[in-house]
Amino acid sequence: MNAFQRMAAVTISTTLALGAAACSSSQSDLSGNLATAESRLTSAQIDARQRVNNADARQAEDRIADAKKGVSDAKSAIDDNRADVKSSTQPKINKLDSEASAYRERAQSFTGDKRTAFDTEWRRYQASLSETQAKYNALDSATNETWTSARDSLMGSVDSLSTSVDDLGKFFIDRDHPLAAF
């Protein structure tokens, strides 16, 4: 090999060695870049999950707060309704009882079959009054869950009591009524 060839061989060997070193250096940079990129991705994923968790937590807290407000509002509405029903129902019961008592007083002059028919209606009225008063007294022990049915049951009893009082009154208002015939 002549000097020129030796120099070319050294140059080629050096170039290849430098290229391999550069390639090896590039590989190190690529691996480093990959590790850095993976680290950034992992950090970004963790950050994104945390943000989602925080957002979900805020939404959950908002839903819980709304639900608590709904429960509070519903309880308040029941309490208001309890007070309204209690304050308006007892006066109705008292008025109906007063009317029935006035009819009974007027019926003192009844005799015979008319008296028997009135007394039968009076016993029905007394049973209805007793049932209505018991349901009224039970309102205090009704839970929020049973409130609506307790209230509705009482209202039905008040309606029945009113009908019973009307039946007592029929002995006095309509001479053509079957009960008035007695």
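The values are calculated or read from the model by the stated rules, or taken from the named source; none is laboratory data. Quick caveat, the model's predicted, so the values are computed rather than measured. All Cβ positions, glycine included, derive from the backbone under ideal geometry; neighbour counts span all protein chains shown.
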Six or more apart or on different chains, Cβ atoms under 7 Å: show the pairs whose first residue is in the range 130-151 and free of Cβ contacts under 8 Å to residues at least 24 places away in the same chain and on the phi > 0 side of the Ramachandran plot and whose second is surrounded by fewer than 16 Cβ atoms within 10 Å (Cβ to Cβ) and outside any loop (DSSP other than H, G, I, E, B).
none
Just need a number here: residues in the range 129-149 that are buried (at least 16 other Cβ atoms within 10 Å of the Cβ) and within 15 Å of Ala77 (Cβ to Cβ).
2
Looking only at the range 72-129, count every residue that is among the small types (Gly, Ala, Ser), closer than 16 Å to Leu161 by Cβ and without any contact (Cβ under 8 Å) to a residue 40 or more places away in the chain and tell me the total.
6
Look through Lys86, Lys135, Lys114, Lys75 and report the one residue that is in a helix (DSSP H, G or I), of a type in the set (Lys, Arg) and more than 32 Å from the chain's Cα centre (by Cα).
Lys114
Please work out if Ala107 is assigned to a helix (DSSP H, G or I), among the small types (Gly, Ala, Ser), surrounded by 12 or more Cβ atoms within 10 Å (Cβ to Cβ) and modelled with pLDDT of 85 or more.
yes
